[in-house]
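The values are calculated or read from the model by the stated rules, or taken from the named source; none is laboratory data. Fair warning: this is a prediction, and the values are worked out from it, not measured in the lab. As a convention, Cβ positions derive from the backbone with ideal geometry for all residues, glycine included, and neighbour counts pool all protein chains shown. Remember, those area values only see protein heavy atoms, side chains included, never the ligands or the DNA or RNA. Shrake-Rupley method; radii C 1.70, N 1.55, O 1.52, S 1.80 Å.
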Amino acid sequence: MPQASTDATSSGAASGGQLEERIDLSVETTQKITQASSLPLTDALALLSALEKRCRVGNDTPSLVKVCEASLQLCFDANDFEALIATLKTLSTRRSQKSKAIAALVTKCLPWVVDQTDGFTPCGKWETASTSTADRDTLVTELRNITDGKMYLEAERARLTRTLAIIYESSGDIAKAAEVLQEVHVETYGAISKREKIEFILEQMRLTLLKRDYVRAYIVSNKVKRSMLDEEGMSELKIKFYVLLSQYHSHEKDALELARCFHAIYSTNTSSSGSEEKEEEEEKWKESLTNTVVFLCLSEYSNETRDMMNRINLDPQLEKIVECNETIKSFLKNEIIHYPLQHQSQLESIPAFVNGGENEDVSKELAEHWHTTFHTRIIQHNLRIVAMYYRQIHTSRLAQLLNLSVDETEKHLSGMVSSGALYAKIDRPKDIVRFAKKRCEEEVLSDWAGDIKELLGLVEETTYLIQKENMLQAH
């Protein structure tokens, strides 16, 4: 005879224990959730707690999820924050609690603490008679603790961490915000999109720069693959990344890297600009290109610097910025540059030249450094030009060409010789600077032999051509 039916039907267990026994409590769950909504909060939670245990032990995961969500909803509707936190802790730490139930608990609470438009901005609807933003912050911390170590909630943990960092930053604790955000290694997360990862890393960079932890900021910047920033739809993030990176290089006073950053921003602005807001876009790329030219001129001379100058000089957009066009052509010509430049004050007034953050002393020091460097780069350029045209020259005449004193001329010349950028020897008693290396006898003899060989080759070729022409005329 068939067995008598019960309220909860069982799916049974497979032979060998391959499947866990599952009891269907869906009907009872619906009834008791409805019943709990009409009871006082304490009685309702007690009723649902007993039902939660039966669902968990009976492996009825769908009903378990409903019971957990209903318990949290009752606490939230009653504005009982303490009961909400206690229920959340209790349900998430139950023995053998299902992962789907824990995920449902977190998912249920997220709309109460964060704005759902972006998923991480703290929700501002907590200032009521019974709750405050402090309660919201506590709930964010508790949810973040629940997600710790759970791979199926790594995306939620990353967003909650960003929410907590925003909360700390809004309260003025930048160091704590940066520290919390650095705990999440979002680059290893597989549940987060590529764009969201880059946004998270950029936020880490921004906070570490605000904290003035420049070494950490540079380490974090290396987590971003430059190839990702070149993908379609990433132009906004690319600009933000290079703006942040330029702050680090500005602190390090690395002019060439600053030029690269601003050139990347310029390339992005020109490629993404459209017909709309044309004037604003033009202003942006002009500023980026001006910054690129200025910091290229401030960079120490090298083949890479020279190559970048030549490439920018070929850019037709450069002609629209007269001061930059004339300056870069001056540095590319093999002619002495007179200091100050015609547009010197205009070039030194750009925001990037004096941008040292909120600290005025740092900004002033940075502006003085770049001003001194600009003069030094012009002197170094002039010394290279003099070395091209002179084998030797009187030190007094060289100082006159550079518009410097003799002592300053020797100082800059010695610096270039020490760095290997130039070969020179100063003969002080004779007041002479020699730019040509003294060649040994072997080198002179080798060059002479090479010249003689070349000459004999020309004579032989000429003789052959004359003989060939005579033979053609004879016939």
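Can you show me the helix-derived [θ] at 222 nm for the chain, built from DSSP H runs with n ≥ 4 at -39,500 (n - 2.57) apiece and divided by the number of residues, rounded to the nearest 500. Write out the running numbers ahead of the final one.
Working: 22 runs with 315 residues, N = 475.
After summing the helix terms and dividing by residue count, I get -21500 deg cm²/dmol.
Coordinate range of the alpha-carbon atoms in segment 177-298 per principal axis, descending: 41, 33, 22 Å. Amide hydrogen proximity for I432: with H placed 1.01 Å from N in the peptide plane, the residues at 5 or more positions away or on another chain lying under 5 Å are T395, D427. When both segment 184-218 and segment 397-475 are represented by their alpha-carbon centers, they are found 55 Å apart.
Among 148-161, 420-433, what's the highest-first ranking by average C-beta atoms within 10 angstrom per residue? Mind showing how you got there, number by number?
Working: 148-161: 18.4, 420-433: 13.8.
Ranking, from highest mean packing down: 148-161, 420-433.
Straight-line reach from K468: taking Cα to Cα under 20 Å and skipping same-chain neighbours fewer than 8 places apart, the aspartates and glutamates in range are E460.
Here, P(r) means the percent of Cα pairs in each 20 Å bin from 0 to the largest distance; for the chain it is 17, 31, 24, 16, 9, 3, 0.
Hey, if you put +1 on the Cβ of every Lys and Arg and -1 on every Asp and Glu Cβ in the chain, which of L402, V243, T270 ends up farthest toward the positive end of that dipole? Of the candidates, V243 comes out farthest on the positive side.
At 20 °C and a viscosity of 1.002 mPa s, what translational diffusion coefficient does Stokes-Einstein give for segment 83-164, taking Rh as the Kirkwood radius over Cα pairs? Give it in µm²/s as a whole number. Present the calculation step by step, with values, prior to reporting the outcome.
Values: Rh = 12.9 Å.
Using the Kirkwood radius from Cα pairs, D works out to 166 µm²/s.
Summing Cβ point charges (Lys, Arg +1; Asp, Glu -1) relative to the Cα centre of segment 287-332 gives a dipole of roughly 100 debye. Near A103, once Lys and Arg are set to +1 and Asp and Glu to -1 for all other residues with Cβ below 12 Å from its Cβ, the sum equals +2. Amide hydrogen proximity for Q392: with H placed 1.01 Å from N in the peptide plane, the residues at 5 or more positions away or on another chain lying under 5 Å are F435. Probing with 1.4 Å while keeping every protein chain in the model, the per residue accessible area of the chain equals 58 Å².
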